[in-house]
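To start, the structure under review is shown below, and the notes come after it.
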Amino acid sequence: MSTDTKKIFVLDTNVLMHDPTALFRFEEHDIILPMVVLEELDRGKKGLTEVARNVRQVSRYLDEMVEKVNGEIDKGIPLPTTEGREAGRLYFHLDPVQHPMPHGLHADTADNSLLGITLDLSRGHPDSEVALVTKDINLRIKARALGILAEDYTSDQALEDSDLLYTGADEFGSDFWETQGQIESWTSEAGRAGYRLTGINPQEWYPNQFIQVSGDKPFEATVRAIEENAVVLETVRDYSSEAGAVWGIQARNPEQNYALNLLMDPEIDFVTLLGHAGTGKT
């Protein structure tokens, strides 16, 4: 394994579950996949969830790469080059933790095993920067407490500032109604309340955007229409109860309920959903 200017990244299972292409996003640096990660991937491959599909895709990538090295896996698997630059290598770490674990930690859990392996690699390659890459905040905290370099995986973010992404919903305080101009209200034939808010800046609103109002009387609505100086709102349907379930599927949080409101609306032809693996998009 090279110890020049290359970095060595130990990947946690959740990184690959989050983004199966993470294997190809570390440029010229080397990647370590410990045995405990391979075992967790194997346990997570079954099912129809997005996470399970990601795991199966990772397995396909690994199978293709292993076939190309003709059994010389111990020398590292060359990763595909990117933009003409030399890429690093992928190594499977099969050895148990060699050095004693810090006081109070035992290498009998997956997280502690990753910490021990990263410590071993740091000691074995003192001239290289060795880092644990994980989406687990608590594991990163434990690593840093032990003096281990730990990083979040963010290479899949198209924007450096994810706060710039449109969330599809906006939250207002309990004084929402007092800050509006003229308000008209009615009830549709379907029993849903409608509101026309006049005297606001419609440029701050978007069609099919969801509105959350907190307070003693929480209010959730979707923007149905944007007029010259007014916005038309309609209260959302509740898909979180058993009575409102769609083919047995119930919303588990407001965001999932908003998604079901859009997906079940015959007036909307196309819906895009953005979120991390495991947030219920599928």
So ARG56, is it in the same structural domain as HIS18 (by TED's automatic domain parsing), under 23 Å from PHE24 (Cα atoms), surrounded by 13 or more Cβ atoms within 10 Å (Cβ to Cβ) and of a type in the set (D, E, K, R): yes
Counted residues, region 78-87 - those being at pLDDT 85 or above and more than 25 Å from the chain's Cα centre (by Cα): 1
Which members of region 123-134 meet the condition of being in contact (Cβ under 8 Å) with a residue 60 or more places away in the chain and either surrounded by fewer than 19 Cβ atoms within 10 Å (Cβ to Cβ) or in a helix (DSSP H, G or I) (or both)? HIS125, ASP127, GLU129
What pairs can you find where one residue is in region 28-47 and touching a residue at least 24 places away in the same chain (Cβ under 8 Å) and within 15 Å of HIS18 (Cβ to Cβ), the other is assigned to a helix (DSSP H, G or I) and of a type outside the set (A, V, I, L, M, F, W, C), and their Cβ atoms are less than 9 Å apart, with a gap of 6+ or different chains? VAL37/THR13; GLU40/THR13; GLU40/ASN14; LEU41/THR13; LEU41/SER59; GLY44/THR13; GLY44/ASN54
Restricting attention to strands (runs of 3 or more DSSP E) lying wholly within region 161-242, give those where 1 or more residues are under 26 Å from the mean Cα position of the chain (by Cα). 169-172, 210-213, 219-226
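The values are calculated or read from the model by the stated rules, or taken from the named source; none is laboratory data. Everything numeric in this text was worked out from a predicted model, so none of it was measured. Using ideal geometry, Cβ is built from the backbone for each residue, glycine included, and neighbour counts are taken over all protein chains shown.
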